[in-house]
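K.L.:
Before I ask anything, let me first share the structure, which is written out below as structure tokens.
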Amino acid sequence: MTKNALIVFTRNPELGKCKTRLAKTLGDQSALDIYKYLLQHTANVTKGVQVDRYVFYSVDINYDDIWSHNFFSKKLQKGENLGERMDNAFKELLDSGYEKLVIIGSDLLDLNETIIEEAFVKLNLHDVVIGPAKDGGYYLLGMKTQHSKLFKNKDWGTETVRQDTLKDLQNSNVYLLKELNDIDTFDDMKHYDQLKPFYKTHD
């Protein structure tokens, strides 16, 4: 066990249950195919980061999928909403002895190993590290101690999440990574050439 752990939050890739905003434009099957592509990208990027790695599944733990046991430990998200689920994941791993934790989602083509490693380095000198997303949320959150207030009273999935989170942290030493684009809607993804095979022409 290292002193650092990376948490990857993922939805089980089921037809009609992931990337629902994308599905409104492209249909359920294309949305699922795109999400699987994003999951594979996230797995490829994260398995090279030299920390312990945990995948937290939304519904069921899948023991035979892209998250190889050679690189990832597997756990189940617990809680009624995204905030509770993240709070519980941080608590579980901090209680088990980790000193630095970073959580990421699984829908960022712009995320790379260097950005994740930078987050762990910045935690040496900062209380909290945040990776801001262009939609007003965040794609990464790093902490050394439990900050449960960050996960309460938030409208998850809206443009106020990061602003409200920073308000909760006004007395903490926060480092902001570079802003990235996460993929929730067709507008978020249409400039990525590598995603074009997954859909036909859309205006």
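The values are calculated or read from the model by the stated rules, or taken from the named source; none is laboratory data. This one's a predicted model, so the numbers in the text were calculated from it and none came from an experiment. Backbone-built Cβ (ideal geometry, glycine too); neighbour counts: all protein chains shown. Accessible surface areas use protein heavy atoms only, side chains included; no ligands, DNA or RNA. Shrake-Rupley method; radii C 1.70, N 1.55, O 1.52, S 1.80 Å.
K.L.:
Of the numbered conditions (1) on the phi < 0 side of the Ramachandran plot; (2) surrounded by fewer than 18 Cβ atoms within 10 Å (Cβ to Cβ), Ser30 satisfies every one except a single condition; which is it?
P.N.:
With (1) on the phi < 0 side of the Ramachandran plot; (2) surrounded by fewer than 18 Cβ atoms within 10 Å (Cβ to Cβ) applied to Ser30, the lone miss is (2).
K.L.:
Further question on the same structure: Do you know which residues across segment 18-34 are under 20 Å from the mean Cα position of the chain (by Cα) and touching a residue at least 40 places away in the same chain (Cβ under 8 Å)?
P.N.:
Lys19, Arg21, Leu22, Asp33, Ile34
K.L.:
Within segment 46-92, track down each residue that is free of Cβ contacts under 8 Å to residues at least 24 places away in the same chain and touching a Leu at 6+ places or on another chain (Cβ under 7 Å).
P.N.:
Ile61
K.L.:
Which of (1) open to solvent by 60 Å² or more (accessible area, probe 1.4 Å); (2) without any contact (Cβ under 8 Å) to a residue 60 or more places away in the chain; (3) aromatic (Phe, Trp, Tyr) does Tyr37 not meet, given it meets every other one?
P.N.:
Among (1) open to solvent by 60 Å² or more (accessible area, probe 1.4 Å); (2) without any contact (Cβ under 8 Å) to a residue 60 or more places away in the chain; (3) aromatic (Phe, Trp, Tyr), the lone unmet condition for Tyr37 is (2).
Table: residues versus (1) on the phi > 0 side of the Ramachandran plot; (2) open to solvent by less than 60 Å² (accessible area, probe 1.4 Å); (3) not β-branched (Val, Ile, Thr).
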position	(1), (2), (3)
Asp164	no, yes, yes
Ile183	no, yes, no
Asp188	no, yes, yes
Pro197	no, no, yes
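K.L.:
Looking for whichever is surrounded by fewer than 20 Cβ atoms within 10 Å (Cβ to Cβ) and of a type in the set (A, V, I, L, M) here; the options are Leu82, Leu111. Which one fits?
P.N.:
Matching residue, one of Leu82, Leu111: Leu82.
K.L.:
From the residues in segment 63-81 that are outside any strand (DSSP E or B) and touching a strand residue (DSSP E or B) at 6+ places or on another chain (Cβ under 8 Å), which one is farthest from Phe120 (Cα to Cα)?
P.N.:
Tyr63
K.L.:
A follow-up question, please. Starting from residues that are assigned to a helix (DSSP H, G or I) and more than 12 Å from the chain's Cα centre (by Cα), keep the ones in segment 41-62 and report whichever is surrounded by the fewest Cβ atoms within 10 Å (Cβ to Cβ).
P.N.:
Asn44
K.L.:
Continuing with this model, one more query. If you go through segment 141-152 one residue at a time, do you hit one that is open to solvent by 60 Å² or more (accessible area, probe 1.4 Å) and touching a residue at least 60 places away in the same chain (Cβ under 8 Å)?
P.N.:
Within segment 141-152, one or more residues are open to solvent by 60 Å² or more (accessible area, probe 1.4 Å) and touching a residue at least 60 places away in the same chain (Cβ under 8 Å).
K.L.:
Shifting gears a bit: Could you grab me the full set of residues in segment 117-140 that are touching a residue at least 40 places away in the same chain (Cβ under 8 Å), out of contact with any strand residue (DSSP E or B) (no Cβ under 8 Å at 6 or more places or on another chain) and open to solvent by less than 60 Å² (accessible area, probe 1.4 Å)?
P.N.:
The answer is Gly137, and nothing else.
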